[in-house]
1. Sorted by packing (mean other beta-carbon atoms within 10 Å per residue), highest first, where do 111-117, 55-61, 124-130 land?
2. Of the listed pairs LYS29/LYS79; LYS29/LYS81; LYS79/LYS109, which have alpha-carbon separations greater than 21 Å here?
3. Nearest 20 debye, what's the magnitude of the dipole of the range 95-135 about its Cα centre given +1 on Lys and Arg Cβ and -1 on Asp and Glu Cβ?
Amino acid sequence: MRQKVMIPKEVDNIIFRPIGIIHSPYKTKEETPCQGYRSHEEGEVEVFEEFEEGLADLDGFSHIILLYLFHKSDSYSLKVKPFLDDSLRGLFATRHPRRPNPIGLSVVKLLSRRKNILRIAETDILDGTPFSISSLMSLSLIRGRR
């Protein structure tokens, strides 16, 4: 039998501040596609100017990985009915936005950079979504190639 592990008080709540805002054509959760590859729309990642220097050397990357906050999610359930499915599934086997820690992850195509604005495609993120971490990686690395 496993012993219950206590989370140290200093990490009981994880707090991060946004480094920017994601702009997309999707104004409601209902119109947002369930996967980026289903989207033919473009959007923008607005990195706050104080973080613009961190975008150096981004040219040449095909895709970026965005970690963001499901800022419209107000509760969670451990069983959910995913989009395009008729059965209840375990929350952690889905991309459902109602999570205990409302953090989302999307791989989007990087089209261009203009100062602190990244033009993206294949977006599946609600307009106005704050993000706090932007992990950058080339698609060839995602697929295990160099």
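Readers should treat all values here as calculations from the given coordinates under stated rules, not as data from a laboratory. These figures come from a predicted structure and were not determined experimentally. Because the Cβ atoms are built from the backbone with ideal geometry, glycine has one as well, and the counts that use them run over all protein chains shown.
1. So the order, starting with the most tightly packed, is 124-130, 111-117, 55-61.
2. Pairs exceeding 21 Å: LYS79/LYS109.
3. On the way: 8 positive and 3 negative charges, 28 e Å.
Taking the Cα centre of the range 95-135 as origin, the dipole is about 140 debye.
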